[in-house]
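Undergrad: Have a look at this one before I ask anything.
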Amino acid sequence: MRCAKPFTVLLLGFMPAAAFAQASPANPAGPPAEKVTQVIVYGDDPCPQSQGDEIVVCARLPDSDRYRIPTELRTDPNSPQVQSWASRAKSIEYVGRTGTDSCTPIGGGGFTGCTQQMTAKAREERKAYLGSESWSAAVAKERDKRLGNLDAESAEIEAQVKAEEAGASNQAAPPK
């Protein structure tokens, strides 16, 4: 233990010298620093040309991502990092609570608060998921989204089958 302290001081004494030995713009002994520009281009947009010693690196994304929020900024609305302090405080309200309307196995009537907690949590989840939209409107919208393509495809197949049947009936009919 006693050896570690002088060794640490000695090591810290050499660290600034190593930092000054690195090449920097003020130190002409090192190679000049290259300027690298990273650009994201969408669709068929051209990548900008480099100017002088500059290096341009282009990442190409589909045109459909042009106006989207970048993936690193998209978050899960239910994650604890996004929750407001008010909802965190509300969940802490139940910690340490016992007895009637507490939903705990402790005390008489501790079971009585379980239904209240479940319904309150379901209301909060529904409000977070739907916002101001009604449940029936959300179900109808989801149904339309899932079945929308099926109606168009079935109408197309039906027209194709009718055309084939009409063509087959014209060929099968004996000439008069």
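The values are calculated or read from the model by the stated rules, or taken from the named source; none is laboratory data. As the structure is a computational prediction, the values presented were derived from the model and not from experiment. Glycine gets a Cβ as well: all are built from the backbone with ideal geometry, and neighbour counts include every protein chain shown.
Undergrad: With Ser154, Ser136, Ser102, Ser132 as the choices, which residue is of a type in the set (S, T, N, Q), at pLDDT below 75 and out of contact with any Ser or Thr (no Cβ under 6 Å at 6 or more places or on another chain)?
TA: Ser132
For (1) in the same structural domain as Gln116 (by TED's automatic domain parsing); (2) in a helix (DSSP H, G or I); (3) under 19 Å from Lys121 (Cβ atoms), each residue gets a yes or a no:
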{"position": "Asp45", "(1), (2), (3)": "no, no, no"}
{"position": "Gln49", "(1), (2), (3)": "no, no, no"}
{"position": "Gly52", "(1), (2), (3)": "no, no, no"}
{"position": "Ala59", "(1), (2), (3)": "no, no, no"}
{"position": "Arg68", "(1), (2), (3)": "no, no, no"}
{"position": "Asp76", "(1), (2), (3)": "no, no, yes"}
{"position": "Ala89", "(1), (2), (3)": "yes, yes, yes"}
{"position": "Thr104", "(1), (2), (3)": "yes, no, yes"}
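Undergrad: (1) assigned to a helix (DSSP H, G or I); (2) among the charged types (D, E, K, R); (3) under 24 Å from the mean Cα position of the chain (by Cα): which one isn't true of Glu158, the others all being true?
TA: (3)
Undergrad: For region 65-83, indicate whether the set of residues that are of a type in the set (Asp, Glu) and either surrounded by 11 or more Cβ atoms within 10 Å (Cβ to Cβ) or in contact with a Lys or Arg (Cβ under 6 Å, 6 or more places away or on another chain) (or both) is non-empty.
TA: The answer is yes; a qualifying residue exists.
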